[in-house]
Amino acid sequence: MLRRTTVAAAALLAAGALLLTACSGGGSSPSASAGTPDPDAVVTVRLVADPSNLDIRTTAGSALDQILIDNVYQGLVSRTPDQKIVDTLASSHTVSADKLTYTFTLRDGVTFHDGTPLTVDDVVWSLQQLKTNASYRDSARLARVQTIAANGKDVVLTLSQPDSSLLWSLTGRAGLVLKKDDTTDRKTKANGTGPYKLTSWKQGDSITFGRNDAYWGDKAKVKEVVFHYIPENQAALNAALAHEVDVVTGFDANLKTQVEANGDFALVLGASTDKGTLAMNSTKAPLSDKRVRQAIRQAIDHDAVVKALGAGQTLYGPIPELDPGYQDLKSTAPFDPGAAKKLLADAGVSDLTLTLTIPSFYPTTFTQILVSNLNDVGITLKVKAVEFPTWLNDVYVNKNYDLSFVLHTEARDFENWANPNYYFTYNNPEVQKLYQQSLSATDEQSSADLLAQAARIVADDQAADWLYNGASVVAVGTNVNGFPSINVNERIDLAELAKSKG
């Protein structure tokens, strides 16, 4: 959920998300019935938790990335649902043979939503602002960028050393292009270059996008998109059945029969980088003892968690299958309550009571399994459900917790395990070294191999537990086409969204 120096907390925001056992074939969800797209259509989408404000530069959490990137704000490059990097505000780009110079040619005819033409000065200013303001989210992603300069229609980035993650970083917050010296109050408004304009925000209720008729590319196929924030899955199901929403994201796969009952919706499962992460505060005894952390991991029946959630797959390490460096790390902590009891005994720990701090919008399905599993090995688990701002303050900022759970949705966010100041409390110099080496690698396979080595160390250290790799679970109206189905908790690109009449 939160991002590198921000937490996956917003990933949490996308929270109701589950796991995956099946995937849709492509990047967008199919409609069960064909129809003529209605250019005046309004599509209403259910989301789980709304942001505290709309300033994507400074506000933690993936709730903003999920809807603002691609649709309202854009960068020189962006990523497709299947994780490929494509030119966007740049018409093309080149990378020098030594991987130290990136040259982007700015696309012609782009304007901001206020009608101002986009210039190379806007791009240079945006990237420099991001790089020099540590308070901006993902500022550190440009740490290896030495200079940012304009050269005619080109923007040239010169690096101090190779950075294998740079293009990927530029598809996210680190690469967003804003109007130079804009006076827009970004906490409540937006002025981007995307196919949709932000037309209204009712905090705690909804955010509305309207089609940008002056957009430089293919115009949006619907007139308006309304995101309604409905935390409870049952309430979201009721809204769908009452035709109050057209799409339900962050849905419960166990409700498939109910939502498909009248033929107006189809449940779509897509792949995801969602990581259900059980953080363990290793700065506190007895969690500072690796044996205790391993005992917790081996006490948990991951297969039961996935089965209970109705979709998804098990995950035993910090890198999900969609990301570079993935490997099956089940051997680091196989389900074995007997082994867990022995580890606790060897550590001299008995009658242990721990508190799990978790944002209150998460379902209780898997927490009940955790309570039962840990009780079986002699650990009493108390579940403390808190409001998200409280979780941010207590866990993410102050690191005041025993165990915590959030859904980290960001792709390629392994850097959190190489950051000793992150709320995970994990500090391993060898992992930090390998991560830096992965950035310096000049080919993708070498970078992925180094990440895989680092991820195994993290799992062997029992730094946390990864309860599941979630799926994008979306219920889509059968008169809706083009809604994304992959990594929906991280990004919802509405470029292909269409709705037929009826």
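The values are calculated or read from the model by the stated rules, or taken from the named source; none is laboratory data. Source: prediction; values computed, not measured. Glycine also receives a Cβ, built like all others from the backbone with ideal geometry; neighbour counts cover every protein chain displayed.
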Failed item in (1) part of a helix (DSSP H, G or I); (2) at pLDDT below 95; (3) surrounded by fewer than 17 Cβ atoms within 10 Å (Cβ to Cβ), with residue 366 passing the rest: (3)
Number of the condition not met by residue 266 [criteria: (1) out of contact with any Pro (no Cβ under 6 Å at 6 or more places or on another chain); (2) more than 30 Å from residue 242 (Cβ to Cβ)]: (2)
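Looking at region 428-443, is at least one residue closer than 26 Å to residue 335 by Cβ and either at pLDDT 95 or above or among the aromatic types (Phe, Trp, Tyr) (or both)?
Yes, region 428-443 has at least one match.
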Hits in region 278-323 - residues which are aliphatic (A, V, I, L, M), more than 22 Å from residue 423 (Cα to Cα) and surrounded by fewer than 19 Cβ atoms within 10 Å (Cβ to Cβ): 304, 308, 322
Residue under evaluation residue 326, criteria (1) touching a residue at least 60 places away in the same chain (Cβ under 8 Å); (2) buried (at least 22 other Cβ atoms within 10 Å of the Cβ), criterion not met: (2)
Among (1) touching a residue at least 60 places away in the same chain (Cβ under 8 Å); (2) not in a strand (DSSP E or B), the one test that residue 209 misses: (2)
Condition broken by residue 221, with the remaining ones in (1) of a type in the set (Lys, Arg); (2) surrounded by 19 or more Cβ atoms within 10 Å (Cβ to Cβ); (3) within 24 Å of residue 55 (Cβ to Cβ); (4) more than 20 Å from the chain's Cα centre (by Cα) satisfied: (3)
Set 154, 122: member being over 23 Å from the mean Cα position of the chain (by Cα), buried (at least 21 other Cβ atoms within 10 Å of the Cβ) and either under 19 Å from residue 439 (Cα atoms) or modelled with pLDDT of 95 or more (or both): 122
Hits in region 101-111 - residues which are surrounded by fewer than 20 Cβ atoms within 10 Å (Cβ to Cβ) and of a type outside the set (Val, Ile, Thr): 107, 108, 109
Pair list, Cβ < 7 Å and 6+ apart or interchain, from region 277-293 residues that are more than 17 Å from residue 405 (Cα to Cα) to residues that are of a type in the set (A, V, I, L, M, F, W, C) and buried (at least 20 other Cβ atoms within 10 Å of the Cβ): 286/292; 291/343; 292/344
Residue within region 171-193 that is exposed (fewer than 15 other Cβ atoms within 10 Å of the Cβ), within 28 Å of the chain's Cα centre (by Cα), under 30 Å from residue 448 (Cα atoms) and in contact (Cβ under 8 Å) with a residue 60 or more places away in the chain present: no
Given (1) under 20 Å from residue 38 (Cα atoms); (2) crowded, with 17+ Cβ neighbours inside 10 Å; (3) charged (D, E, K, R), index of the condition residue 275 fails: (1)
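Listed here are the residues, each with its yes/no results for (1) in a helix (DSSP H, G or I); (2) small (Gly, Ala, Ser); (3) under 26 Å from residue 415 (Cα atoms).
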{"residue": "303", "(1), (2), (3)": "yes, no, no"}
{"residue": "316", "(1), (2), (3)": "no, no, yes"}
{"residue": "320", "(1), (2), (3)": "no, no, yes"}
{"residue": "325", "(1), (2), (3)": "no, yes, yes"}
Single residue of region 77-100 satisfying the filter (at pLDDT 95 or above, among the hydroxyl-bearing types (Ser, Thr, Tyr) and assigned to a loop (DSSP other than H, G, I, E, B)) that is surrounded by the fewest Cβ atoms within 10 Å (Cβ to Cβ): 96
Qualifying residue in region 455-471 (condition: surrounded by 20 or more Cβ atoms within 10 Å (Cβ to Cβ), modelled with pLDDT under 95 and either in a strand (DSSP E or B) or more than 20 Å from the chain's Cα centre (by Cα) (or both)): yes
Residues within region 377-399 that are of a type outside the set (Val, Ile, Thr) and exposed (fewer than 14 other Cβ atoms within 10 Å of the Cβ), tallied: 5
